[in-house]
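**Student:** Take a look at the following structure, please.
The values are calculated or read from the model by the stated rules, or taken from the named source; none is laboratory data. Just so it is clear, the structure is predicted and the values come from calculations on it, not from any experiment. Positions of Cβ are backbone-derived with ideal geometry, glycine not excepted, and every protein chain shown enters the neighbour counts.
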Amino acid sequence: MTSTIITPTHPVSDALLQRAQQVVPNGMYGHQIATGLWPGAPQFVSRTAGSRMWDADGHEYIDLLCSWGPIIHGYQHPKIEEAVERQRRICDTANGPSEHFVALAEKLVDVVEHADWAMFAKNGSDVTTLCLTIARAHTGRGTILVEEGTYHGALPWCNPDKTGVLASDRAGLAYYTYNDLASVEKLVAEHAGDLAGIIVAPFRHDPAGSDLEMVDPAFAQGLRRICDDSGAVLILDEVRTGFRMSFGGSWEQYGVRPDLSSWSKAIGNGYPIAAVLGAERLRESAGSFFVTGTFWFSAVPMVAALTSITLLEEEDGVAHMFARGDQYVAGLREQAASYALPVTITGPVTMPYLSFAGETDHEFTMAWSAECAARGVYVHPKHNGFMSTALTEADVDAVLVATDGAFAEVAKRFF
């Protein structure tokens, strides 16, 4: 019975948060701030393994957030960890890159259709910004079209929070509406002769807990046509979606190849690495200016990425994640209907987002997420989830037991 569920307490996590508030601005910061989760949610993690995580107080969860996306094979995957440990004993950060720098570039170029070359960095913000720089260097123009609301990173040009940001930090940007080709065409006309590029996500994912929106193939194809006609650069931001919509680029399925794409999160299964992939015609421009980072060429994350991508290829990992995603989403929809709950599930099944119609301040999704956590399942009320290859059919069955209990509790309290 749902009434027997006891909401876990988090005295260790709460104490750590109090300590953090003394030495860290706002105690926690960025997208992990406490207000982004349900009230009383644990803020600190003590252990991870496979599809599971344990908070600082020892509560176990099946994890459907996957460290905000990077964990694509589950935590501490044995083959990845073995390869990483071998490399760590030999060399990691050094005066120059290891041979794996070349091997990883070769692998990405082989796997991703639109890629003829690769450049490496550490974070998603690094590579989305680098894509804009390459587009401007290539075209000699200034204006980049950006979808209003989509999250491309946390630097001044793209941070959804404008605190401390100057108008000059966002100079050269103009904003369109996702899936609205007319809004793009209007901006193209307004910035004729100065359009350097268009950056777009494979699907719309605003940072404020909004429903996700799959791309209209006609919109994707229209952006490609506009860039071809104007000489602008089409940039696809794959930081969130890479290797979870397809094994390779996410828009090739629509017959669309971007000129540049930005990757991070899942390519290293939790090890910090990011990449820009580009078409041949931008190769010279990409190498025409100085850009670097002290830790961008460390060998260990590159070995992790090589091993992770190889595993995806050998084990048909994307198909596995779609199978588990189908199982999960179908189960959620059946459960919500059984309680007559106004639930919407959007996005790819490998990255689904659940919302309730008519809620204010995510009150229903907050309650649902808290009830899931009390039953041992970690979902985020304002962010899409992620499937991983570590999730088994039995795992998802266990998840659905928890979500059913959570739906029952929400139905009783609010409907």
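**Student:** Limited to region 251-266, what total is found for residues that are under 22 Å from V233 (Cβ atoms) and surrounded by 18 or more Cβ atoms within 10 Å (Cβ to Cβ)?
**Tutor:** 9
**Student:** Another one. When residues of region 167-206 are filtered for being in contact (Cβ under 8 Å) with a residue 60 or more places away in the chain and closer than 15 Å to A218 by Cα, how many remain?
**Tutor:** 1
Here's the yes/no breakdown for (1) at pLDDT 95 or above; (2) over 20 Å from G248 (Cβ atoms); (3) in a loop (DSSP other than H, G, I, E, B); (4) touching a Pro at 6+ places or on another chain (Cβ under 6 Å):
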site	(1), (2), (3), (4)
L282	yes, no, no, no
S285	yes, yes, no, no
P301	yes, yes, no, yes
A304	yes, no, no, no
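Here's the yes/no breakdown for (1) outside the structural domain of S388 (by TED's automatic domain parsing); (2) among the charged types (D, E, K, R); (3) more than 24 Å from W117 (Cβ to Cβ):
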residue	(1), (2), (3)
R204	yes, yes, yes
A218	yes, no, yes
R224	yes, yes, no
S264	yes, no, no
A274	yes, no, no
G278	yes, no, no
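**Student:** Here are some conditions: (1) touching a strand residue (DSSP E or B) at 6+ places or on another chain (Cβ under 9 Å); (2) surrounded by fewer than 23 Cβ atoms within 10 Å (Cβ to Cβ); (3) among the β-branched types (V, I, T); (4) assigned to a helix (DSSP H, G or I). T310 meets all but one. Which one does it not meet?
**Tutor:** Failed condition: (1).
**Student:** Among the numbered criteria (1) buried (at least 16 other Cβ atoms within 10 Å of the Cβ); (2) aliphatic (A, V, I, L, M); (3) free of Cβ contacts under 8 Å to residues at least 24 places away in the same chain, which single criterion is violated by A118?
**Tutor:** Condition (3) is where A118 drops out.
**Student:** Okay, next question. Could you please find all residues in region 81-132 being among the β-branched types (V, I, T) and under 22 Å from the mean Cα position of the chain (by Cα)?
**Tutor:** The answer is V109, V111, V112, V127, T128, T129.
**Student:** Another one. In region 274-307, which residues are over 16 Å from R88 (Cα atoms) and either surrounded by 15 or more Cβ atoms within 10 Å (Cβ to Cβ) or in contact with a Gly (Cβ under 8 Å, 6 or more places away or on another chain) (or both)?
**Tutor:** A274, A275, V276, L277, G278, A279, L282, S285, A286, V291
**Student:** In region 245-270, what count of residues is obtained for those that are closer than 23 Å to V300 by Cβ and modelled with pLDDT of 95 or more?
**Tutor:** Of the residues in that region, 8 qualify.
**Student:** Here's a follow-up. Do we find that D57 is assigned to a loop (DSSP other than H, G, I, E, B) and charged (D, E, K, R) in this structure?
**Tutor:** Taking the combined requirement at face value, the residue satisfies it.
**Student:** Next question, about the same structure. Quick check on region 61-75. Is at least one of its residues surrounded by fewer than 16 Cβ atoms within 10 Å (Cβ to Cβ), modelled with pLDDT of 95 or more and of a type in the set (D, E)?
**Tutor:** no
**Student:** Applying the selection to region 359-388, what residues are within 15 Å of the chain's Cα centre (by Cα), more than 24 Å from H320 (Cα to Cα) and surrounded by 22 or more Cβ atoms within 10 Å (Cβ to Cβ)?
**Tutor:** none
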